[in-house]
Amino acid sequence: MILNLTKSYKIATLSGLNEDLLSKRAKAITTIIKPKKIDIIQECIRLYLGKPNENSEFIEEFYGFFHKEDGMFLREDSELELRILSGVVISEFIKKDIFESIQVALILKIASFGIDSSTIINNDVINEAHQYLLDNSISERESDVHDPVDLKTLALKEGDTSPESVSANFSLLQGFFKSLQKSHENEVSNLKHKIQVLQEESDIHWWIFRGFNSILEKPVGELDNTSETVLAVTKEFADLITISPPPNNSKDFLKIVFHKTGLEDKKISILEFESAFKNLSEKLNLHLKNTYGNLVPLYSAFITAKEIGTEAAWISIFEAKTKTNVQEKFEYIDIAEQFIAEYTLVNFY
Amino acid sequence: MAECKEEGCSVLTTGKCINGLEIDVCPHYSDQYENNVDLEESNTDNDPDFNGEDAVDDIAPDKNHSEIRYKEIHRGTALSFDDANKFAKSTQTRLVILAGMPNAGKTTSILSLLHLFAIKPSFAKLIFAGSKTLLDFEEKSHLSKIDSERIEPETARTLSGASNFMHLKVAMKDDVNKSTDLIFTDISGETFDSLKNSTQECRNFILGNRADHFVLFLDSQMLSTMSKRAATKADGIGILNSLIDAGTLSPHTHIQIVFSKWDLFETTKNKDNHEQFLENIINEINTKHSTKYNIAFVKLISRPKKGDFEFGHGLEDLVKLWVSHSAFSTNQSLKLDKSKISNSRRQFSRFEFNNK
């Protein structure tokens, strides 16, 4: 049962909610998320946030899922309803808590950056994504300890050498060794993960302690109060992250470093950040692959500016694609966190 | 790689479309290269299945063509419940319920608002951005105009019956892309009179569940008349209490208590006495409901009759509330449960930068 469907739907109707209608919508939503197709969920994110869809037929296809369950659902004047339903689809996909859920939550968090909050319907969906990422960033860095298989539990028939006993004992041993192997593999995987967690922590700590930026080739205390500093420091930090989602307190680690640069009150726009990227592109060694299109605003700005060249043109195209204002100022730490999220998404998934 | 197929268009270098279109609506612009089949060069002569008629059929119909041909436009009269419901499904709307006893000034307030938008370039830093019910507004405001040949402006009483709705779209003066669709109920005072006496009627009032704003009109002229003020208070607050007690008005609905015809209150005799009475009303409502509901009190003069008051006094405060608050606009800052952080076994996850 989709619990937030009733609450989400209220905004799209003046009349009371029909149980039968909700049931049909819920059935369609279950059909959409069952195949775990990320490309469909990405398009849902675009629809939910009011960004242009990459697949021009998506809205019709999306409508088709619901029309199949409810023949009375008319396409005409259903824009808001479809946006609401896309939000519910995203929310339900994240709640499935499968491998792809982190990716989807990350995409939603990233894509909502810079979007006018008054245009977002049902902000709970974004809140859920943030909560999911926070919870997973902690749980991914805490490994459970597995108890090894207890040999004493094996009820081997000792002493009896009859063929039946030997066969039974052999089967028991076979099962036991299979479990042991699986347990061993899990434990090895666990330990590898634990080492990875500790390595990541250690690298971050030593990076802070070292206090030197290799991209700008300066001690952190000597870095200027500029967008280039923000980008260079953030990129270096992002390279240390080996587990997704990024640490929930990435901002706090960055603040330790930025505190030495006097950046506390700085606000940066996407335009300024892109300019910083242009100035540092050779030193950053940033591979501009982007399979997420307009869902990753910073990468989208970097790529569009590089492709188009002329500032007025790329800004116009970028703003139309992402529904984000390049001139809007953000706290430096927020744009840094956004870069970390995009970098993680593009490199991990 | 982006491209524009329109000859002579320099959108890729200047950002400006030669046809003046936005790139997300321009049919010639694409940010992905597509292999389009050039029909003129297709070798149809060698195609055994080809005939002249098929070529016509094969040309993809202009997708926008049928949308341009047939566009349903509302005739301008009041929206029925179904019309309003349909509209609410298509775009974000703010439902504003205008409640109160008969002749409290519910309809007049909205007509005055329309009038202000008509005579001023902007009002409350907003501009008029359209209405589906302009004809209805015109019909309703006829009795207030010179053409009606009346000595004093009036507003016709709203008839009892099925609920109708009025629509007004406003946009920010400084950013016309930020607009708000307001849907006002056009419900007779008699309907509210019956609501306050019946819990079942209140439960059936489903609009209350959805309302972004519930605006309760209290006639200040009646409140400043000794023989009528107690009943006016009881009737008005009765409507509010009944709807809240029946669970119809949820805490997400913003409530405005409007003291209408305030000019008549201000110019009455024994004003001090009546002011104390008014203060008691405000205290009573606040005591009972302010912990659960967001309540504002507004003194309104939709159409001044006495004193030196400006037309539509108080409407600016009201309309600003309607535009800035929605039942569904959650506090956009995130509300995260951070218990997992504090319960984490790892100091790394619990670290917080505190520059003190």
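The values are calculated or read from the model by the stated rules, or taken from the named source; none is laboratory data. All figures in this text were calculated on a predicted structure; none of them were measured in a lab. Cβ coordinates were reconstructed from backbone atoms using ideal geometry, including for glycine residues, and neighbour counts include every protein chain displayed. Side chains included, ligands, DNA and RNA excluded: accessible areas come from the protein's heavy atoms. Shrake-Rupley method; radii C 1.70, N 1.55, O 1.52, S 1.80 Å.
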Qualifying residue in segment A:290-304 (condition: more than 23 Å from the chain's Cα centre (by Cα) and within 12 Å of chain B (Cβ to nearest Cβ)): no
Boolean, B:E154 is outside any helix (DSSP H, G or I) and open to solvent by 10 Å² or more (accessible area, probe 1.4 Å): yes
In segment B:235-287, residue nearest to the chain's Cα centre (by Cα) [restricted to those that are open to solvent by less than 30 Å² (accessible area, probe 1.4 Å) and of a type in the set (G, A, S)]: B:S250
In segment A:111-124, residue most open to solvent (accessible area, probe 1.4 Å) [restricted to those that are closer than 22 Å to A:L298 by Cα and in a helix (DSSP H, G or I)]: A:S118
All positions within segment A:32-74 that are loosely packed, with under 14 Cβ neighbours inside 10 Å, closer than 23 Å to A:L22 by Cβ and either in contact (Cβ under 8 Å) with a residue 40 or more places away in the chain or within 14 Å of chain B (Cβ to nearest Cβ) (or both): A:E60, A:K68, A:M72, A:L74
Qualifying positions in segment B:288-325 - among the hydrophobic types (A, V, I, L, M, F, W, C), open to solvent by 60 Å² or more (accessible area, probe 1.4 Å), part of a loop (DSSP other than H, G, I, E, B) and within 17 Å of B:D219 (Cβ to Cβ): B:F309
Members of segment A:249-273 that are away from chain B (no Cβ under 14 Å), at pLDDT 90 or above and touching an Asp or Glu at 6+ places or on another chain (Cβ under 9 Å): A:K267, A:I268, A:S269, A:I270
Failed criterion for A:S275 (all others in (1) open to solvent by 20 Å² or more (accessible area, probe 1.4 Å); (2) closer than 23 Å to A:I94 by Cα hold): (2)
Matching option when the condition is in contact with a Lys or Arg (Cβ under 9 Å, 6 or more places away or on another chain) and within 14 Å of chain B (Cβ to nearest Cβ), among A:E337, A:E307: A:E337
Subset tally (residues that are more than 14 Å from B:L318 (Cβ to Cβ) and part of a helix (DSSP H, G or I)) for segment B:73-106: 10
Condition check for A:I107: in a helix (DSSP H, G or I), aliphatic (A, V, I, L, M) and more than 9 Å from every other protein chain (Cβ to nearest Cβ): yes
Any chance B:I119 is open to solvent by less than 60 Å² (accessible area, probe 1.4 Å), among the aliphatic types (A, V, I, L, M) and at pLDDT 90 or above: no
